[in-house]
Each structure stands twice: as structure tokens, then as C-alpha cells.
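The values are calculated or read from the model by the stated rules, or taken from the named source; none is laboratory data. All values derive from a computational prediction rather than experimental measurement. Ideal geometry is used to build each Cβ from the backbone, glycine not excepted, and the neighbour counts take in all protein chains shown.
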Amino acid sequence: MTTISAPGKVHLIGEHSVVYGKPAIIAAVGLRCHVDAEKSDNVIIESADFGNAEYGLEEIFEIEKKVADLWKKGNSTNNFSALFEYVKTDKTMPLLISAGVALKKAGSKGGIKLKIKSEIPIGSGMGSSSAIAVTISKAAAEIYGREFSKEEINSTAFEIEKINHGNPSGGDNSACCYGGFIWFQKKQPKNIITPFMANAPEIFDKFLLLNVGRPVKTTGELVQAVRDLPEGFRIPRLLTLEKLTHEMKEALGKKDTNGVKDAINDAQQMLSELGVSTDKIDKIASDVRNLGGAAKLCGAGGGGTVLCFHENSEELKKLLKKTGFAYWDAELGAEGVRIERL
Ligand code: PMV
């Protein structure tokens, strides 16, 4: 049996605007997804979060073809609702699709048994689906003897993510695959994925993550909601997020903690104006800011994870404790996909 793991991720800045080709800074985090994988005739899924399932290989490739067709239709009409509805028909579907795409890419003639255990909260802006996509892509390649590079694993994971989310930027899977910190920009013909800050400033030891609960809406739905905003309202805010991302990069380079905090707080304001925050997150962000720190939602928003920072971690922890939600050390810059056991 082979065990593979990949980390979750958080956007330090640039979620949503990254969908429109603006840059984002994304960090891998300490929580990981683990997959035990072995060869099997069929495709067998075991997951506490998604349930169990067993399908024949032919059936899995049929599902893979069906969702690929639905994706093409969604892409040509800019409306992925038929795809999302189909994916929702079975709780295990995201894992079946991941297995189908990964096995096809690995050119396998056989199935796979996958036991998935993830520490990453689902649908909470921490790349839970990307970490699964990356681990399953790597697992299928490993057990069928394909020596895929990280770039190839990432491209398989991106195919899976497209079926899960419609037209994602590709930033999430890249952070989960490469790990560390990345500067990411969606570009044709090739995305820019630049490892960033080999030596992360010490302030990164002081970032905490708080989970306010799973959002009702999916990433795809929240991305669509931003797309549906009038252009005259949406574009200036995306441009501000782009400017803030560059400002954060500069502040990080100069180890300018106040500059980093301002970029985070201003990004939260923009995301809130774009309608992807919640009253609860806005309140927590404002309390952290009033304490002299910085906080913003992570990923698609609508709930989920809040990235929080304060030079005085103990003061910040006191404040977060009062919210009643779970919080923990972010462990930003964690290692990317790796083999735990061969
Ligand atoms: O909520 P998550 O972890 O799926 O992150 C989504 C990030 C977005 O920028 C909103 C979408 C994307 O594809 O980059």
C-alpha cells in the first residue's frame, strides 16, 4: 500500500481576483489530506467525509466522460449548473471523478482502492478539494508506476478541480502540490507559479486560522456570484485587490509587518464589498483590526476559514477564544505533496 499526503492552503491575498488573471499569494498550511492507495480491479472509495463506494472501472470512465462533456458545455455557455447538479447526485462523486481522471492520466488498465483521511475542513476556503485532487493524482501515478513530475501531477489535479468548480484559477491545486508559498497568476498558455519566500519572515509563525463553520454555498457558486455583479462595481474592486497583492509582496520583501497587515485588512474590505464575506467574519475581522492585528476570509468565502495575525499571539488567541470557534496555528509554508509510505 502507498500513502500520499498533500497540504491544504490559504490565500494570503488575491482570492477571487485571481480568477480574472490577477496575481495571488498562496501558502500551504499544516493540515493535510492523506490517501492510502492500492491496486484493485474496481474503484473502491472509503472516506469518512464522502462515504464509501465501489464501481467498475468502465463505469468510472463513463462518469469521467460524462462530466468532461458537461464541463465543455458549461465552458461554452459560461454556466456550469448542469455539471454542478450532476456532481451533487452522489456524495462520493467528487472522489469517483478524481479517481477517474487520475487513472486515465496514469494510463491505467486497472482500478484503485482509495482510503481518504483529511484533516482539512471541507468547503472552508482551505483547498480541501484541491488537496484530495493532488493526493489522488499522485496516488494513481505511483501505484501504476508513472514517474510524473510535480508539474504533471498538478495538471491532473487541475483537470479534477475544473470538474469540481467549473473554471477555477488553478491556484489552489498548485499550492497544495508545490507547497511553501507561491506567487500564482492564471495565464495563457501557462500559469505563472513562482515559489516565493524560501525564507519566510518570522511573522509567519504568528498566523492563526479560525473556522466559523462550513459555508452554505460552494466555491463554484460564490465565484459565479462575483461574476454576476455589475462590471462597473466588480472591476474596480478586483483592481484594488491586484494592487494590494503587489503591495503585500513588497511589504513581505521588506519585512514590513504593518504593510502586510494593511494589505490583509484592505483585502478583507474588498472581499466583503464583493459580497463573499459574512456578518460574522466582518465582525471578527473588525475586532482583530481594532486589537491592532489583521484578518481576512480565505478562499471563496461565505463562511469557512479566517486568516488572523497579530504580533502578540497571546492577545489574539484571547480574542479568538471569545468567538467560541476553533482556531489553530496556521503553519504557513508547509511541504507540498509527498509520499508518506511506499
Ligand atoms: O474556497 P477555495 O479553497 O476553493 O478557494 C477558492 C479561491 C477562489 O479564488 C475564490 C477561486 C479560484 O479558483 O481561485
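A few remarks follow.
- Within the range 166-184, the set of residues being under 21 Å from LEU241 (Cβ atoms) and either basic (Lys, Arg) or surrounded by fewer than 20 Cβ atoms within 10 Å (Cβ to Cβ) (or both) comprises ASN167, TRP183.
- For the range 153-197, a residue qualifies if it is away from the ligand (no atom under 16 Å from the Cβ) and without any contact (Cβ under 8 Å) to a residue 12 or more places away in the chain, and the qualifying residues are PRO189, LYS190.
- Filtered residues of the range 300-315 (kept if in contact with a helix residue (DSSP H, G or I) (Cβ under 7 Å, 6 or more places away or on another chain) and assigned to a helix (DSSP H, G or I)): SER313
- Of the residues making up the range 196-241, just one is at pLDDT 95 or above, polar (S, T, N, Q) and in a helix (DSSP H, G or I), namely THR240.
- Meets criteria (of a type in the set (Val, Ile, Thr), within 16 Å of the ligand (Cβ to nearest atom) and surrounded by 16 or more Cβ atoms within 10 Å (Cβ to Cβ)) for ILE25: yes
- Among the criteria (1) surrounded by 20 or more Cβ atoms within 10 Å (Cβ to Cβ); (2) closer than 27 Å to GLY74 by Cβ, the one LEU244 does not fulfil is (2).
- Only residues that are assigned to a helix (DSSP H, G or I) and within 16 Å of the ligand (Cβ to nearest atom) were counted across the range 264-299, and they come to 8.
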